[in-house]
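To keep things clear, I will list the structure first and then write my remarks on it.
The values are calculated or read from the model by the stated rules, or taken from the named source; none is laboratory data. For clarity, every value in this text was computed on a predicted model and none was experimentally measured. Every residue, glycine among them, receives a Cβ derived from its backbone with ideal geometry; neighbour counts consider all protein chains shown. Only protein heavy atoms, including side chains, enter the accessible area calculation; ligands, DNA and RNA are left aside. Shrake-Rupley method; radii C 1.70, N 1.55, O 1.52, S 1.80 Å.
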Amino acid sequence: MALERADSPTEHPRWLLLTGTSALVVVRLQMSFVYFQACVSKLPHAEWADGTGMWYWGNSLAFGAAGWLHPLIGPVLANPVGVAALTWTPLFIEISLSAALLVPQRVRYVLLAAGMSFHLCIAVMMGLWSFALAMWAGLLLLCLPLGGELRITKPPSGHGSSDQQDRSKATALDSEKPASRAAATS
């Protein structure tokens, strides 16, 4: 069963819209600061600056990769170029995500994919699944436009190849067209 968007949206009090939008803006700013701090706080440490930080994390008995990952991660951690890439890629992703509010929306979608992949790698390598889920939620708030909405419409009735194309167009993420009340804030 598909959901349909109401033809006439429910009117909400202006103060409620302002409060909700303000809360979302504050959360987005907080997420930017979290990523900025995550990157900048690593830079004074020699291991992160020289590109060997992930060698220590990957080989740590407490926080390192699970045993079943060692055949995959071990050769990368043994290679200086591989360990440098594993060390500096998270720093690049974190500093890029901290600037997400300053870039166009199409770039934010790329940052969203990079951030989701980054936290998936953390979850798999370190087993921090609840952390990944929380950060994925924060990434959605940070990278998706304010006022965007998920719009699912009922597909047209009938059969045929053109109907299949119509069905694929019927479900869309209406994030390219923010609601008029939030267009100025995204």
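Residues considered: Pro156, Pro90. Of these, the only one that is out of contact with any Pro (no Cβ under 8 Å at 6 or more places or on another chain), in contact (Cβ under 8 Å) with a residue 12 or more places away in the chain and not in a helix (DSSP H, G or I) is Pro156.
In the set Leu128, Leu120, only one residue is hydrophobic (A, V, I, L, M, F, W, C), open to solvent by 60 Å² or more (accessible area, probe 1.4 Å) and either modelled with pLDDT of 90 or more or within 13 Å of the chain's Cα centre (by Cα) (or both); that residue is Leu120.
Here is a check on your reading of the model: is Ser60 over 21 Å from Gly127 (Cα atoms), surrounded by fewer than 16 Cβ atoms within 10 Å (Cβ to Cβ) and hydroxyl-bearing (Ser, Thr, Tyr)?
Here the answer is no, as Ser60 does not meet what is asked.
Of everything in the range 131-146 that is open to solvent by less than 30 Å² (accessible area, probe 1.4 Å) and out of contact with any His (no Cβ under 6 Å at 6 or more places or on another chain), the residue that is modelled with the lowest pLDDT is Leu146. Consider the range 99-113 and keep the residues that are without any contact (Cβ under 8 Å) to a residue 40 or more places away in the chain and outside any helix (DSSP H, G or I). The one that is surrounded by the most Cβ atoms within 10 Å (Cβ to Cβ) is Val103.
Scanning the range 70-94 for residues that are of a type in the set (A, V, I, L, M), at pLDDT below 90 and loosely packed, with under 14 Cβ neighbours inside 10 Å returns Leu72, Ala78. Six or more apart or on different chains, Cβ atoms under 8 Å: show the pairs whose first residue is in the range 27-54 and of a type in the set (Asp, Glu) and whose second is open to solvent by less than 50 Å² (accessible area, probe 1.4 Å). Cβ pairs passing all conditions: Glu47/Gly53; Glu47/Thr87. For the range 95-112, a residue qualifies if it is within 16 Å of Met31 (Cβ to Cβ), under 11 Å from the mean Cα position of the chain (by Cα) and not basic (Lys, Arg), and the qualifying residues are Leu97, Ala100, Tyr109, Leu111, Leu112.
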